[in-house]
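Worksheet: the structure to be examined is printed underneath.
No lab work stands behind these numbers, since they all come straight from the coordinates. As the structure is a prediction and not an experimental result, all values here were calculated from the model. Note that we place each Cβ from the backbone using ideal geometry, even for glycine, and neighbour counts take in every protein chain shown.
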């Protein structure tokens with residue numbers, strides 16, 4: 001624990017040296033605009049409360065846009081992050097878009113499907129990236145295939161066309177088509193989000209569905225085998241409910257592969273979580289359950305349970321420190337870190 005104390009001391013010193021009023025990088029000139037934002041997280045994680053191991057996470061996103069006419073905008077987006085680099089990719093997303101205040105938004109390039117973009121995540125105030133390929137599994141290898149992401153996804157590494165309507169009376173829906181990849185013939189995704197942001201209780205509902213033809217060595221969950229099947233279907237749903245400083249979330253994702261060949265990688269993932277904010281402090285409790293192989297009676301399914309309690313102190317608008325205490329199916333862990341955003 002002395003080593004952990006030293007890491008916490010270093011994090012506190014780094015936070016004190018960062019200006020309190022740092023700003024995101026932004027430039028505008030007439031109808032042209034450019035923005036650069038991102039974050040960086042550095043910390044340590046102790047599996048079994050034993051030997052601490054360094055963990056790092058980061059993301060950089062650049063966007064340029066041009067207001068052609070009032071209500072019509074063209075833009076370019078490029079982003080890269082640690083999750084992409086871990087998979088030997090040189091981008092997280094790269095796409096161009098056209099947005100019309102009446103028609104909606106069209107995107108073409110390499111980016112997430114519309115079902116994921118309109119999805120909702122689980123409350124989490126730590127720095128372990130619970131809603132996107134969790135960091136703790138980089139240091140704690142699961143004992144079986146785990147569907148850790150409860151939001152529907154079909155990847156971002158194939159050419160994709162997205163369309164989403166503008167929000168109307170709190171409702172937004174969209175459709176996407178992707179292909180031109182070696183890992184499947186084509187994929188179609190659809191999503192809808194319903195927001196009720198007014199009143200004492202604020203809610204957001206999200207539903208998604210997708211169909212993929214002939215997945216061939218395809219994988220988006222980093223902790224499941226690659227899938228070879230006739231087709232893959234997915235559905236997802238989620239709810240976020242906010243009451244004052246309380247936030248509760250419930251999400252679920254079901255994955256089904258038709259006639260899979262080789263190791264099984266489909267199943268379901270369900271998660272729930274709650275968080276509370278007070279002044280510069282936040283706490284959260286998150287739980288995710290994964291059951292892989294439930295559709296195939298020829299193999300034993302693998303169940304994974306993960307629970308994480310997190311605490312965050314927001315030192316300034318751009319600096320916060322966090323600590324998490326968690327448990328996977330067989331391994332307890334503790335993690336602390338410092339997060340900088342711009």
Fill in: Expected-Rg normalisation [2.2 N^0.38 Å, Cα atoms] applied to the range 127-182
1.57
Item to complete: Quick one, can you get me the convex hull of the C-alpha atoms of the range 184-342 expressed as volume per residue in Å³?
Response: 141 Å³
Worksheet item: If you bin every alpha carbon distance in the range 179-225 into 10 Å steps from zero, what whole percent lands in each bin?
Response: 21, 32, 23, 17, 7
Discussion item. Students often get this wrong: which residues of the range 282-298 have the backbone nitrogen under 16 Å from the point 7 angstrom along Cα-to-C-beta of residue 325?
Written reply: 282-287
Worksheet, complete the sentence: One finds the C-alpha centres of the range 159-192 and the range 276-324 to be spaced, in Å, by 27 Å
Response to the item:
Per the Kirkwood formula over distinct C-alpha pairs, the hydrodynamic radius of the chain in angstrom is 21.4 Å
Item to complete: Return the ratio Rg/(2.2 N^0.38 Å) for the range 61-216, where Rg is computed over Cα atoms only.
Response: 1.13
Worksheet item: Rounded to a whole number of µm²/s, how large is the Stokes-Einstein D of the range 260-342 at 37 °C and 0.692 mPa s, given Rh as the Kirkwood radius over C-alpha pairs?
Response: 217 µm²/s
Item to complete: Note the direction-averaged projected area, equal to a quarter of the hull surface, for the Cα convex hull of the range 62-120, in nm².
Response: 4.8 nm²
Worksheet item: How long, wide and thick is the range 248-301, going by the Cα atoms along their three principal axes, in whole angstroms, largest first?
Response: 52, 16, 14
Discussion item. Going by Cα centres, the range 37-58 and the range 88-127 are how many Å apart?
Written reply: 26 Å
Practice prompt. Find the Rg to Rh ratio for the range 294-342, where Rh is the Kirkwood radius over alpha-carbon pairs and Rg uses the same atoms.
Written response: 1.28
Worksheet item: Based on the alpha carbon coordinates of the range 127-268, what radius of gyration and maximum Cα-Cα distance (Dmax) apply, in Å?
Response: 16.7, 51
Fill in: Two-site label geometry, residue 303 and residue 181: point separation in nm, points 7 Å out along Cα→Cβ
3.1 nm
Discussion item. Please compute the contact order of the chain in relative form: average sequence separation of alpha-carbon pairs under 8 Å and at least six residues apart, divided by the residue count, as a percent.
Written reply: 17 percent
